[in-house]
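The values are calculated or read from the model by the stated rules, or taken from the named source; none is laboratory data. Worth saying up front: this structure is predicted, and the values here are computed from it rather than measured. So basically every Cβ, Gly included, is an ideal-geometry build from the backbone, and we count neighbours across all protein chains shown.
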Amino acid sequence: GIQVEQSPPDLILQEGANSTLRCNFSDSVNNLQWFHQNPWGQLINLFYIPSGTKQNGRLSATTVATERYSLLYISSSQTTDSGVYFCAVVLQTGANNLFFGTGTRLTVIP
Amino acid sequence: GAGVSQTPSNKVTEKGKYVELRCDPISGHTALYWYRQSLGQGPEFLIYFQGTGAADDSGLPNDRFFAVRPEGSVSTLKIQRTERGDSAVYLCASSFTPHGGTEAFFGQGTRLTVV
């Protein structure tokens, strides 16, 4: 089956620092989404980004579908950015569901 | 509604009991999915509905799990003879079309604890 690997698995940042999270996937995909799971368990949509680059405030994301990876950039991190970041993909052929990556746990310290 | 709504937020049940978990998707979303998230892991697919029918139930772990969506909107996930290993957060997601074509939105989840 498809492999969706995220790195790093854990990240600790000082408030105000920048970071890059990576998602590698092993098959061609139709859809890629980045989510932030907050401490209460809610999955918050960050980006729907099957390809290209998008920006939303301090966050931006880039997906290079032909090379099977996506990057999430967080600038000027804040304590509220803490939580687990997941990327999730939908295969180009076969199942219609999201396959989630292993997650990156981010802790931002003041 | 404004977002995907799941009830209850928390459910504690005794081993062997029957439980029902409810999902109310975003209005107009025809695709509805159930996922299960165990501690420390990402969500895993259970079942997908397109309209009223289960288009893919390949993720259901065994025949104790069943889900319905009789009118193409609200869905209920049913678990019979619950086991301690069923303890997890059950997440519902909806999208305008199947996940491959449009963005998926998740509810806040139901945390199921089987004691």
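The residues on offer are B:Thr30, B:Thr82, and the sole one that is more than 14 Å from the chain's Cα centre (by Cα) and within 14 Å of chain A (Cβ to nearest Cβ) is B:Thr30. Within region A:53-68, does at least one residue satisfy the condition of being modelled with pLDDT of 95 or more, surrounded by 14 or more Cβ atoms within 10 Å (Cβ to Cβ), touching a Cys at 6+ places or on another chain (Cβ under 7 Å) and not β-branched (Val, Ile, Thr)? No: region A:53-68 contains no residue that is modelled with pLDDT of 95 or more, surrounded by 14 or more Cβ atoms within 10 Å (Cβ to Cβ), touching a Cys at 6+ places or on another chain (Cβ under 7 Å) and not β-branched (Val, Ile, Thr). Reported count of residues in region A:92-110, each being within 14 Å of chain B (Cβ to nearest Cβ) and buried (at least 20 other Cβ atoms within 10 Å of the Cβ), is 8. Here region B:38-65 is the region considered, the condition is being among the small types (Gly, Ala, Ser), more than 8 Å from chain A (Cβ to nearest Cβ) and without any contact (Cβ under 8 Å) to a residue 24 or more places away in the chain, and the residue that is surrounded by the most Cβ atoms within 10 Å (Cβ to Cβ) is B:Ala54.
Residue pairs whose Cβ atoms lie under 6 Å apart, sitting 6 or more positions apart in sequence or on different chains, and linking a residue in region B:1-14 that is of a type in the set (Ser, Thr, Tyr) to a partner that is not in a loop (DSSP other than H, G, I, E, B), are B:Ser5/B:Asp24; B:Thr7/B:Arg22; B:Thr13/B:Val19; B:Thr13/B:Val114. Considering only region A:10-20, I want to know if a residue exists there that is in contact with a Pro (Cβ under 7 Å, 6 or more places away or on another chain), farther than 17 Å from A:Phe100 by Cβ and either acidic (Asp, Glu) or surrounded by fewer than 17 Cβ atoms within 10 Å (Cβ to Cβ) (or both). Yes: region A:10-20 contains one or more residues that are in contact with a Pro (Cβ under 7 Å, 6 or more places away or on another chain), farther than 17 Å from A:Phe100 by Cβ and either acidic (Asp, Glu) or surrounded by fewer than 17 Cβ atoms within 10 Å (Cβ to Cβ) (or both). The single condition from (1) farther than 19 Å from A:Gly41 by Cα; (2) within 11 Å of another protein chain (Cβ to nearest Cβ); (3) of a type in the set (Ser, Thr, Tyr); (4) touching a residue at least 40 places away in the same chain (Cβ under 8 Å) that B:Tyr35 fails is (1).
Here are some residues: A:Gln78, A:Gln42. Which one is within 8 Å of another protein chain (Cβ to nearest Cβ), surrounded by fewer than 22 Cβ atoms within 10 Å (Cβ to Cβ) and farther than 16 Å from B:Gly100 by Cβ? One residue alone meets the criteria, A:Gln42. Taking (1) modelled with pLDDT of 95 or more; (2) closer than 30 Å to A:Pro9 by Cβ in turn, B:Thr7 satisfies each apart from (2).
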